[in-house]
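Undergrad: What follows is a single structure, and I will ask about it in a moment.
Please treat every number below as a calculation from the coordinates, not as lab data. None of the values given here were measured: they were computed from a predicted structure. Heads up, the Cβs are rebuilt from the backbone with ideal geometry, glycines too, and the neighbour counts pull from every protein chain shown.
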Amino acid sequence: MQITTPRCPMMSWLPIARDFRGDLRAALACTNRSDCLDKLASLAAHRLGFLETVQLERAFGQLGLKQAPGFMPIRLAVLASSTVDHLSPAIRVGGLRRRLLIDVHAGRFGQYRQDLLDPTSSLYQFSPQAVLFSLTAREAIASIPLTASAAEVDETIAKFIDELRSFWRKAREICSGVIIQQTFIDMTEPLFGSYDCFVPGAPTRVVARLNDRLCEVAWQDGGLLLDVARASQRDGIDAWFDAGYWLQ
């Protein structure tokens, strides 16, 4: 018999919504859109599952409010090398919890380079106030062979980081606000178990080195980091990565 220990739920500090459906219906029954928004913001301050988050965001979207008293509007562009459409509801509901009206622009799948370099792209038309780079480590480490030396690993990482910094600079040309870089979650499988730490070209070690270098240059460039790598280590990779939702 296999005994498993239940993992601590995400956002465990938030109270549980005792009657989510009833509260959502009550919010939607309001004739005043501002009152409805306040009730939705109150409901967003609870611990919600994936489906509840989607339902709440859908109700939020039906209001069609770009501005409201007591709420701050913000335009966020997410530039990614993987699918991110399923993240928009959580971002918008998370913002609603903090009384932010977040308008999310999700770039075309894997086309963040083209979107940045094309002044006629929808990204430029969106005119974001904040840009989040949500990239996977795969494109950074794919060309590194297992037999690579530490120097060869550092050289490849340096080239990728240089390109990444050029993206930040380009993003600053179209964004008057903040540039946020997501750290790289290690989704690699161990090759030699604990001996991976002795192999410079082992994927898990390369990802760790990539994140170390990313932190250094982000500090130098005055950028912001969203440290999902640390969060995934704390919560467990299964809490942050589900192949059913991600396409890379």
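Undergrad: Looking at the chain as a GNM with Cα springs under 10 Å, which of 175, 36, 197 has the largest mean-square fluctuation?
TA: Of the options given, 197 has the highest mean-square fluctuation.
Undergrad: With charges set only on the Cβ (+1 for Lys and Arg, -1 for Asp and Glu), what does the dipole of the range 102-194 come to about its Cα centre, in debye to the nearest 20? Before the final figure, lay out each step's value.
TA: Details: 8 positive and 12 negative charges, 59 e Å.
Around 280 debye, computed over the range 102-194.
Undergrad: Where both residues lie in the chain, what percent of DSSP beta bridges are antiparallel, nearest 5? Let's see the in-between values first.
TA: Working: 0 of 20 bridges.
Percentage antiparallel, nearest 5: 0.
Undergrad: Relative to the longest principal axis of the C-alpha atoms of the chain, give the angle of the C-alpha long axis of helix 50-63, reported between 0 and 90° and rounded to the nearest 10°.
TA: Approximately 50 degrees, to the nearest 10.
Undergrad: Moving on. Can you list the aspartates and glutamates whose alpha carbon sits under 20 Å from that of residue 170, skipping same-chain ones fewer than 8 residues off?
TA: Filter leaves 115, 118, 139, 162, 216, 221.
Undergrad: Just tell me which lysines come within less than 24 Å, Cα to Cα, of residue 66; anything on the same chain fewer than 8 places away is out.
TA: Straight-distance partners of residue 66: 39.
Undergrad: Using the Kirkwood formula on the Cα atoms of the range 71-240, what hydrodynamic radius do you get, in angstrom to one decimal?
TA: Averaging 1/r across every pair of different Cα atoms and inverting gives 17.1 Å.
Undergrad: Go through 109-115, 73-79, 133-139 and give me the packing order, highest mean Cβ count within 10 Å leading.
TA: Working: 109-115: 16.1, 73-79: 20.4, 133-139: 18.9.
Peptide ranking by packing, descending: 73-79, 133-139, 109-115.
Undergrad: Where the centroid of each part is defined by its Cα atoms, how far is the range 5-76 from the range 81-140 in Å?
TA: If we compute the Cα centre of each part, the gap is 21 Å.
Undergrad: Separate question: Which residue, 20, 126, 192, tops the fluctuation ranking in a GNM of the chain built on C-alpha contacts under 10 Å?
TA: Per the Cα network of the chain with a 10 Å cutoff, 192 tops the list.
Undergrad: Now for a separate question. Quick one: which residues, 5 or more positions from residue 132 or on another chain, have an amide H under 5 Å from its amide H? H modelled 1.01 Å from N in the peptide plane, none for Pro or chain starts.
TA: 77, 78, 79, 180
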